[in-house]
1. Determine the shape class of the range 196-287: with a ≥ b ≥ c the square roots of the Cα gyration tensor eigenvalues, call it rounded for a/c under 1.5, and otherwise prolate if a/b is greater than b/c, oblate otherwise.
2. Quote to one decimal, in nm, the extra length available between Glu402 and Gln445 on full extension: 0.36 nm per residue of separation minus the C-alpha distance between them.
3. Which of Lys288/Lys458; Lys486/Lys592; Lys451/Lys473; Lys260/Lys464 have a Cα-Cα distance over 21 Å?
4. Under a straight-distance cross-link criterion of Cα-Cα below 12 Å, which aspartates and glutamates are reachable from Lys215, leaving out those fewer than 8 residues away in the same chain?
5. Roughly to the nearest percent, how much of the accessible area of the range 402-556 is carbon and sulfur, given a 1.4 Å probe?
Amino acid sequence: MMISSDRTGDGFLSGILRRTPDSVLANDLYHQLTQEGFRVFFARITLEDKLGSAYEPYIFAALNSVKVMVVLGTKPEHFNAVWVKNEWNRYLSLIKKDSKKMLIPAYKDMDPYDLPEEFSHLQAQDMSKLGFMQDLIRGIKKITALEEPKIAAETVVVSGAAGNAEALLKRAFMFLEDGDFASANEYCEKVLDLDPENARGYLGKLMAEQNVRTKEALKDCEESFEEANNYQKSIRFGDATLVTELQGYVAYIDERNELKRKTFAYNTAKSLMENAKTESDFKEAAGKFQMAAGYEEADILADECLEKAEVARKDAIYDAALKMMGRKSVSGYEAAIKKLESIIDWKDSEEQKFICQQALSKLQVEREVRSKTTKKWTKILIPLIIICAVLGIVVKTVIIPESQYENALSLMEQKEYEEAIKQFQLLGDYKESKDKITDCQNKIQKEKKAKEEEKKEKKYLEAKELMERNDYKGAINLLASLGNYKDSQTLLGRCYMKGEDSIDYSKIGDSYFMGEYEQDGNQANGKEKIEWLILKKDGNKALIISKYALDYKKINEGDNTKSNVTWENSSLRSWLNSDFIDETFTKGEQKKILITNLRTELNGWLSSGFTTTDKVFLLSEDDVDTYLDIDKNHLTYHQCRPTLYAVEKGLPVSGDYFCSWWLRNSNSEGSKFSCIYTTGFTSKDETMEFNAIRPALWIELI
């Protein structure tokens, strides 16, 4: 970028900072114009001691004061380079207001028809033409109406080539060393404006977005950056050495994280194996060992768990068969035989099967005897029944139903409720058969509930044991499946609050619970735990944002008709960093909140920005692009749903219950702020009325 502090000159010469064919031409033109008495500004010379300064105010002043700008270049793309076009385009806008100003295009080794279309109404000069310099000087003198060259106009020459990329890179990497990642990223952007294929420029942006101070520190990043755009560009444009280094860092991170994953899976599997009793328990442990394949004894222990699962399966069948034998009924023995036949040669299954067959034969003989007895009694009772019928007595009780009824009661006593229900159903309205069916069904539900409670209690105790061993990740998995069982939700919150141990294995996008805020609209039941989304992890630090919009507020309370209201002086910033912190977080939680230096850019062509120091803040447009564009084909990461409390305060929502929410960028006049619409798209022109609030903050995980 180029700077001129002289607001009284008649012209302005803008060159480039590195030696290129264009800069050589600009340099020659600078010296010839100077010799002719013109006061000339050439960036490569005039700005030599001002690299890294804030150039924009000086350029703005120079462009408004000069009378002549000369734009030179040797290629069409040089005239249209971002910074070059920015300057001559602004100068053309000034010419429309001041007819005394003049822009002169100068070209060499190119077709004049390839000049920018905006120059079509201007008289371009061919620098290769004999007498070019004399014609140019004569034209400048005529324009400035000067008789003596010693008081001639200061002239502007914009060279279309790139600036001093190497100097900007040095500044960028110095910023990285100091930990000023926002400035480093900004300077790398300047480098890439000059040289879009500069691998070190993309490397610097990669280091800035990963918050590392040295290239070697990239290997210590929490997550792999292989899919990051800046990494891909560094690989694409880098030399063999840089490519090898970066690919090595990615491989190191992947190997380290894979080892970490396998270690966690292995330790979890060992814990499951030690407490396993059933077939499903052992199979679950085997699955975890298989996830850690190749790590220590994982493969051996996986096979061992599968073997024990098979043993547990057969033992369960064997025990069930013995239980059925205990019924001492035809159906019980038949069911037991079927189960024992499925585990041939297991324990004494053959012997038990023989016992069942003997007992079954005995019961069948007894059944035949009872049948004959029943027929005998039937012959005796028939005359009696006829007599009773004549007397109007309805015989409801007979030997066969009574026998079935007694058998059903026996099954019920043996807790074979399903079989008992079948028997009672066959009896219809006989005695209390229907009531007994209801009793059996209630007992089945009671047993089922007892088993579920037993399983929950087992998980609950296992989770508490894991917490005692500081295995909060394992405890979270168990407690999350228990719902509201006992104090599971309280324990779950404690696990999330334990810091590093509970978040070691979490990923970007996972939930983190911290602080309390009114959310369900029922203030009588107290505040609810806030769920945050992890946007970035950096060692023992994490950037988090509320998953739901927590409140509905203005950017600035009071008179919003005045301009110059920015994030820096807004009442919302003051509230988030005072009342919100005090009312939302405990003293212990407040100690975990980190102070963050924030760079906030203003929207607008000539806007710059400012830096604030905050604990709680709103995301910026750059933050949204950096942290929320996880899936660029969908906007669900940008879209946000509000709490019922925010809606009850008046926050409008879309048909699918999304709301718009504030960002901290404003325009240069301070009259409008940016926000994310319900559709997930960004708007830069929201007036300072009410909108949803999604606080963000950096926290320490330990």
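The values are calculated or read from the model by the stated rules, or taken from the named source; none is laboratory data. Because the structure is predicted, anything quoted here is derived from the model rather than measured. Keep in mind that these areas ignore ligands, DNA and RNA; they rest on the heavy atoms of the full protein, side chains included. Shrake-Rupley method; radii C 1.70, N 1.55, O 1.52, S 1.80 Å.
1. Values: a/c = 4.12, a/b = 3.62, b/c = 1.14.
In terms of gyration-tensor shape, prolate.
2. Details: separation 43, 0.36 × 43 = 15.48 nm, distance 2.74 nm.
Full extension from Glu402 to Gln445 adds 12.7 nm.
3. Values: Lys288/Lys458 19 Å; Lys486/Lys592 29 Å; Lys451/Lys473 26 Å; Lys260/Lys464 23 Å.
Distance filter (> 21 Å) returns Lys486/Lys592; Lys451/Lys473; Lys260/Lys464.
4. Partners within reach: Glu177, Glu245.
5. On the way: 3600 of 8210 Å².
Carbon with sulfur: 44 percent of the solvent-accessible area.
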